Amino acid sequence: MPTETKFDSPPETQQSRRAARIAARDAIIRSAPKLHTVIKYPHPTLLKPSALVTEFTPELAQFVEEMFDSMYAAEGIGLAAPQIDVSQQITVIDISFLERPEDKLVLINPVVIDRRGKQLEEEGCLSLPEIREKIQRDAWVKVRAQNVKGEFFEVEGEELLARAMLHEIDHLNGILFIDRLSRLKRDLVLRRIRKLQKNGEW
Ligand code: CO
């Protein structure tokens with residue numbers, strides 16, 4: 001049944017699940033101590049590689065919580081720090097959008113260390129609202145990263161989780177999903193964005 005995969009926007013689901021998601025989002029908007037605004041293409045922070053995290057302080061842990069809140073507030077299932085104008089290698093992911101607590105994932109300084117297969121699904125991005133295109137990604141990946149304490153760990157994911165990790169890791173390297181389109185398709189998307197900008201809709 002689910003036909004689309006949208007990043008950082010979640011896959012479209014039944015009405016009831018969407019209603020539950022909106023209620024969860026609204027509760028977070030009401031209670032979050034701090035929410036960060038998501039910046040849009042072509043903000044320069046989105047277009048450059050971000051810095052490695054070297055200090056694993058309580059402030060970092062707090063910032064990660066703010067990232068989760070900001071992601072849920074924007075109805076996203078993934079958010080990379082450059083998207084809130086912080087050029088550091090930090091990303092948060094929750095492909096279940098609060099339905100399964102174990103799905104909450106923090107990747108600091110992540111690196112893809114193994115990959116297998118291919119998948120072709122539609123993606124979107126909080127920094128490119130309304131743009132959706134089919135993007136080829138690895139079907140399965142293994143990622144090595146650090147947690148908020150600086151401890152190294154490995155995480156494997158397939159399908160939606162693989163796609164989410166790859167999309168967010170791309171952000172940390174200054175790459176947007178439209179950069180993975182053919183030149184022709186990318187040009188068409190950029191033209192559409194310029195038109196939206198001109199009409200004050202971007
Ligand atoms: Co994105």
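The values are calculated or read from the model by the stated rules, or taken from the named source; none is laboratory data. Remember, predicted model here, so these are calculated numbers, not experimental data. Here Cβ is always computed from backbone atoms with ideal geometry, including for glycine, and neighbour counts include all displayed protein chains.
Table for the structure above
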quantity: Segment 124-156: number of residues that are small (Gly, Ala, Ser), within 22 Å of Pro82 (Cβ to Cβ) and in contact with a strand residue (DSSP E or B) (Cβ under 6 Å, 6 or more places away or on another chain); calculated: 2
quantity: Test: residue in segment 33-50 that is at pLDDT 95 or above, more than 16 Å from the ligand (Cβ to nearest atom) and surrounded by 12 or more Cβ atoms within 10 Å (Cβ to Cβ); calculated: yes
quantity: Qualifying residues in segment 159-195 (those that are in contact (Cβ under 8 Å) with a residue 24 or more places away in the chain and not in a helix (DSSP H, G or I)) - the one surrounded by the fewest Cβ atoms within 10 Å (Cβ to Cβ); calculated: Asn173
quantity: Every residue from segment 96-127 that is within 16 Å of the ligand (Cβ to nearest atom), touching a helix residue (DSSP H, G or I) at 6+ places or on another chain (Cβ under 6 Å) and either free of Cβ contacts under 8 Å to residues at least 24 places away in the same chain or more than 19 Å from Ile175 (Cα to Cα) (or both); calculated: Phe97
quantity: Qualifying residue in segment 66-87 (condition: in a loop (DSSP other than H, G, I, E, B), out of contact with any Lys or Arg (no Cβ under 9 Å at 6 or more places or on another chain) and of a type outside the set (D, E, K, R)); calculated: yes
